[in-house]
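The values are calculated or read from the model by the stated rules, or taken from the named source; none is laboratory data. Because the structure is predicted, anything quoted here is derived from the model rather than measured. Heads up, the Cβs are rebuilt from the backbone with ideal geometry, glycines too, and the neighbour counts pull from every protein chain shown. To get the accessible areas, we keep the full protein, side chains included, count just its heavy atoms, and leave off ligands, DNA and RNA. Shrake-Rupley method; radii C 1.70, N 1.55, O 1.52, S 1.80 Å.
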Amino acid sequence: MSPMPALPRTYSCLTLRERPRASIDPKLDGTGTFSFEKDVPLWTVDQLKAGEAVVKVEWCSVDPAQRGWLNPTRSYVPPVQIGAAMRAGAVGRIAVLPKDTGKSTLQVGDWVMGTMSWGEYAKVPLKELQKIETDDVVKPTYYLGGLGMPGQTAYWGLHDVGKIKKGETVVISGAAGAVGSIACQLAKIEGCRVVAIAGGADKCRWLQEELGIKEVLDYKDADFKKKFREIGYLDVYFDNVGGEILDMCLTRLNKNARIALCGAISAYNDPSPKGLQSYLNLISQRAKIEGFIVFDYADRYHIAAKEMGDHVRSGQLKLRETHAYGLDKCADALVGMFSGKNTGKMLVKIGSNGSKL
């Protein structure tokens, strides 16, 4: 493990300036959604309470859920407050520990993952940090993708909500994204017939040629609706996008089909999203539609982590990342994800490019 650099007296972070009514405005000139705060005093040992730590953030996760965290509405987590640093999943290294660390065994320099923020440093409760182990195959960033929340989301959405079985037809939207690409591979590993839906020729080609998904549909194709009908009927639909594609899947249900509602990226920036039109098929086909939140599976994360770690090391589970560099690129990366600029997991490198274990 390389030594920690000397601590600065101040750091920079991005804070929420105003709540977007529709799309996020990524400008950092004082007129956009976020503000770029410089020269923020860094916490000292004496300022830390027992059970807290300061983490030097190295990589930040960019996720569709972050758009929902900006809305002042009831949800599974409190909204980000105006003036607060933007919340984000991240990996980094312990920079400062309090005099009293309680039962924690973490040490300065340890690599950890947890919910942090868009900033060069973050103050985090020790109990919310998980030490991560890496090797020649598993990189620190994998804990923000296949070995982190996206992987857990794909796993439990398929197995607990979708209850996939060998030989079933599983349709996955947003298939080239962080969650969707993992869900495609996990369903394939389980022996399911996988139908992937993604946007653009490059993403579809990647799904077919690199991940080995035989049936891939491009929703940007002029003949998409016709090709979609030709797939027949589905047993499980893993929904990452909502909107029109969800409505289309409701018309193609087998008896006792299951729909796992993971996300609705098509509607997150729409102040007046349209309602479903084809939901009556849920009755006729005795089908089930269920939303889920990955945090509800926290006591079982170790099960999925072990299984997916084995898949990564065996080469059955391939993880692709799209990288942006610099704290000032976080907002652009989030906006870009909604326009499909990422393949696989979208990440922003906050620390120096030379940071290694």
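Treating each Cα of region 149-295 as an identical point scatterer and ignoring solvent, apply the Debye formula and state log10 I(q)/I(0) at q = 0.18, 0.19, 0.20 Å⁻¹.
-1.03, -1.16, -1.30
For helix 301-314, report the angle its Cα long axis makes with the longest principal axis of the Cα atoms of the chain; keep it between 0 and 90° and round to the nearest 10°.
80 degrees
Going 7 Å from the Cα of ASP296 along its beta-carbon direction, which residues of region 56-82 have the amide nitrogen within less than 18 Å of the resulting point?
65, 74-78
Check which residues have an amide H placed less than 5 Å from ILE289's amide H, if you skip close sequence neighbours.
Under 5 Å from the amide H of ILE289: ILE259.
Tell me, rounded to the nearest percent, the portion of alpha carbon pairs in the chain spaced more than 35 Å apart. Mind dumping the intermediate values first?
On the way: 15811 of 63546 pairs.
Counting pairs separated by more than 35 Å, the tail of P(r) holds 25 percent.
Please list, or write none, the lysines whose alpha carbon is within less than 21 Å of the alpha carbon of LYS255, excluding same-chain residues fewer than 8 places away.
Partners within reach: LYS163, LYS165, LYS166, LYS288.
Where the only charges are on Cβ atoms (+1 Lys, Arg; -1 Asp, Glu), what is the dipole of the chain about its Cα centre, to the nearest 20 debye? It would help to have the intermediate numbers written out before the result.
Numbers: 47 positive and 40 negative charges, 101 e Å.
Around 480 debye, computed over the chain.
Give the long-range amide H neighbours of LYS220: residues separated by 5 or more places, or on another chain, with amide H under 5 Å away, using H modelled in the peptide plane at 1.01 Å from N.
GLY200
Can you spot the lysines whose alpha carbon is less than 19 Å from LYS56's alpha carbon? Ignore those fewer than 8 places along the same chain.
Candidates past the 8-residue exclusion: LYS38, LYS99, LYS123, LYS127, LYS131, LYS139, LYS329, LYS349, LYS356.
Got a sec to turn the phi values of region 194-202 into Karplus ³J(HN,Hα) couplings, 6.51 cos²θ - 1.76 cosθ + 1.60 with θ = phi - 60°, whole Hz, x for Gly and Pro?
For region 194-202, the Karplus-derived couplings read 9, 10, 9, 10, 9, x, x, 4, 5 Hz, x marking Gly and Pro.
Just report the Cα centroid separation between region 293-357 and region 23-51, whole Å.
Comparing the Cα centres of region 293-357 and region 23-51, I get a distance of 22 Å.
Any idea of the accessible area per residue across the chain, 1.4 Å probe, to the nearest Å²? Walk me through the intermediate numbers first.
Details: 17020 Å² over 357 residues.
Roughly 48 Å² per residue, with all protein chains present.
Along the positive direction of the dipole of region 26-88 (beta-carbon charges: Lys, Arg +1; Asp, Glu -1; about the Cα centre), which of PHE36, TRP59, GLN81 reaches farthest?
After comparing all options, I get GLN81.
With the dipole of the chain worked out from charges on the C-beta (+1 for Lys and Arg, -1 for Asp and Glu) around the Cα centre, which of PRO271, LEU48, PRO140 lies farthest toward the positive end?
Comparing the listed Cα positions along the dipole, PRO271 ranks first.
Among GLY340, ASN281, VAL312, whose Cα sits farthest toward the positive end of the charge dipole of region 280-357 (+1 at Cβ of Lys/Arg, -1 at Cβ of Asp/Glu, about the Cα centre)?
It is VAL312.
Determine the share of the chain's accessible area contributed by carbon and sulfur atoms, expressed in whole percent, with a 1.4 angstrom probe.
Within the chain, the accessible surface is 50 percent carbon and sulfur.
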